[in-house]
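Following: one structure in structure tokens, then a few remarks.
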Amino acid sequence: MIPKFPRADIEPKTVRVLRPRTWIAPEVGLLDLGGRLAVVKDFAVIPLVTRLAVGLPLIRHEVSILRRLLGVEGVPQLLATVDRYAFVMSHFEARSLYKVPAAELPAGIFEGVTALLARIHGRGVVHLDLRQRKNVLLSSDGRPVIIDFASALHFSRPSAVFRFMCNVDRTAILKLKNRVLPGSLSEAETEQLRSFDRMRKFWVIQRRRPNKKDRLDAGKNA
């Protein structure tokens, strides 16, 4: 059972604002819960129209995803719900993996990221926003962390669509690996990325224009 967190306790327990609110995005704050740090995501502070149209469904969705990931080490754990506009989750002392110098990366870190992703997929959840490099972190104790499940989807049973979405996640991690550790992709990984990039040309909807950084350097990886 996920406990309730009193809204009246948010302000006095806030250490700092991690991400300020906008007219459409929630305020994300760092809480001190008696020596334990936690994160609150709060849509109640944005305008009423976007709070109802955007905040309410997004909070419901992300809370439902985090419930499905309870017990998965390396993802935020749902600690409490506040009301229909906010929830509290665990905090990681971590930094964006892509910002860590290659010499400081633990051995096998990307194998660890892949294993974490497999555990997430094992719960029927696909992330779908791992091309945002800030969503893959390295914790202070050298473990991989994946955050921000606002765009995630849950599938109740395996299907062709689910397998395709899992591949979207996996190839995003391969792209990140290729950027962080150039030349480290195996031949199989390189071919997997090339095949996926070829397939993307036939997508009816593209979320953004192709980025040169997303393409493999064929000369270097051939």
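The values are calculated or read from the model by the stated rules, or taken from the named source; none is laboratory data. Given the structure is predicted, the values throughout are model-derived calculations rather than measurements. Every residue, glycine as well, gets a Cβ built from its backbone with ideal geometry; the counts of neighbours run over all protein chains shown.
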Qualifying residues in the range 134-169 (those that are part of a helix (DSSP H, G or I) and in contact with a His (Cβ under 7 Å, 6 or more places away or on another chain)) - the one surrounded by the fewest Cβ atoms within 10 Å (Cβ to Cβ): CYS166
Qualifying residue in the range 133-144 (condition: on the phi > 0 side of the Ramachandran plot, without any contact (Cβ under 8 Å) to a residue 60 or more places away in the chain, touching a helix residue (DSSP H, G or I) at 6+ places or on another chain (Cβ under 7 Å) and not hydrophobic (A, V, I, L, M, F, W, C)): no
Unique residue being hydrophobic (A, V, I, L, M, F, W, C), under 22 Å from GLY34 (Cα atoms), surrounded by 17 or more Cβ atoms within 10 Å (Cβ to Cβ) and touching a residue at least 12 places away in the same chain (Cβ under 8 Å) when the list is LEU78, LEU58: LEU78
First in the range 13-28 and outside the structural domain of ILE147 (by TED's automatic domain parsing), second anywhere and surrounded by 12 or more Cβ atoms within 10 Å (Cβ to Cβ) and in a loop (DSSP other than H, G, I, E, B), Cβ under 6 Å, 6 or more apart: ARG21/VAL45; ARG21/ILE46; TRP23/PRO47; PRO26/PHE43; GLU27/ARG21; GLU27/VAL45
Given (1) more than 17 Å from PHE149 (Cβ to Cβ); (2) not assigned by TED's automatic domain parsing to the domain that holds PRO47, number of the condition ASP83 does not satisfy: (2)
Hey, ARG16 charged (D, E, K, R), more than 30 Å from ARG179 (Cα to Cα) and in a strand (DSSP E or B) or not: yes
